[in-house]
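Encoded as structure tokens, the structure appears first; notes follow it.
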Amino acid sequence: GENVEQHPSTLSVQEGDSAVIKCTYSDSASNYFPWYKQELGKGPQLIIDIRSNVGEKKDQRIAVTLNKTAKHFSLHITETQPEDSAVYFCAASVNYGGSQGNLIFGKGTKLSVKP
Amino acid sequence: EPEVTQTPSHQVTQMGQEVILRCVPISNHLYFYWYRQILGQKVEFLVSFYNNEISEKSEIFDDQFSVERPDGSNFTLKIRSTKLEDSAMYFCASIKTWGNEKLFFGSGTQLSVL
């Protein structure tokens, strides 16, 4: 089955710097790659997603890139702010048959943005 | 903004007891899910549910687990005889329609089995 690896497990940056989190996946059939932000005591919240027919997607300070050949995708946060501090999860979805919504998650990256 | 709501936020139970975790998915969503997250580990898929039946389930979702949509709004996860290793945060999630993969999660129920 699908396996998603995520690095680093922790990341500390200064406010205003950029942060990059990387994920690799194993199943070439995966075609949907969301990123979730989880703040303390809350459920994961979708922040950006990308489908396999697109190489890059941007939404204000966050962007995601996808390299299908290498089977990896990355989250980029620019001009980081203290409120960006959270755990970020990447995920991959192998959509076939009844597996709609069956996301395989990475282990998460705890991002700390220091003022 | 509509959201998935889960109750209770915390549940403490004795090993061997039955627990029911409750969820109210977003009202116009049709696909429902349970995920769990053991402390410090990744979020894991348990089960998906559509049209009043299970669509898919993981290896974790064994005979001790069941799901139900008892009425038009609630979606429940029952663990028949809890084990220590069932201690985790359980998240309910929903999707609006097939082909729309944007999964909306609730805030979770922290289950502690003593």
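Here, each number is a calculation from the coordinates, and none is a lab measurement. Just so it is clear, the structure is predicted and the values come from calculations on it, not from any experiment. Cβ sites come from the backbone with ideal geometry, for glycine too, and all protein chains shown count toward neighbours.
Computed on chain B, with alpha-carbon pairs under 8 angstrom and 6+ residues apart, the relative contact order is 38 percent. Using C-alpha pairs under 8 Å with a sequence gap of at least 6, the mean separation divided by the residue count of the range A:1-113 gives a relative contact order of 36 percent. The percentage of C-alpha pairs in the protein assembly as shown whose separation is greater than 24 Å is 44%. Only the Cβ atoms of Lys and Arg (+1) and of Asp and Glu (-1) were treated as charged; on that basis the dipole of the protein assembly as shown about its Cα centre amounts to roughly 220 debye.
For the cross-link pairs A:Lys22/A:Lys58; A:Lys22/A:Lys71; A:Lys68/A:Lys110; A:Lys71/A:Lys114; A:Lys37/A:Lys58; A:Lys37/B:Lys78, the ones whose C-alpha atoms lie over 21 Å apart are A:Lys68/A:Lys110; A:Lys71/A:Lys114; A:Lys37/B:Lys78. Taking only the C-alpha atoms of chain A, the Rg (one decimal) and the largest Cα-Cα distance, Dmax (whole number), read 13.7, 47 Å.
Can you give the translational diffusion coefficient of the range A:1-44 in µm²/s, computed by Stokes-Einstein from the Kirkwood radius over Cα pairs at 4 °C and 1.567 mPa s?
100
When the protein assembly as shown is described by a simple charge dipole with +1 on each Lys and Arg Cβ and -1 on each Asp and Glu Cβ, the residue from B:Phe32, A:Ile47, A:Gly1 located farthest towards its positive end is A:Ile47.
Rounded if a/c is under 1.5, else prolate if a/b beats b/c, else oblate: with a ≥ b ≥ c from the C-alpha gyration tensor eigenvalues square-rooted, which is the range B:39-103? Verdict is oblate for the range B:39-103. What separates the Cα centres of the range B:1-53 and the range A:13-76 is a distance of 24 Å. If R0 equals 35 Å, the separation of the Cβ atoms of B:Ile54 and A:Asn3 corresponds to a calculated FRET efficiency of about 0.90. Each residue of chain B gets 103 Å³ once the volume of the Cα convex hull is shared out per residue.
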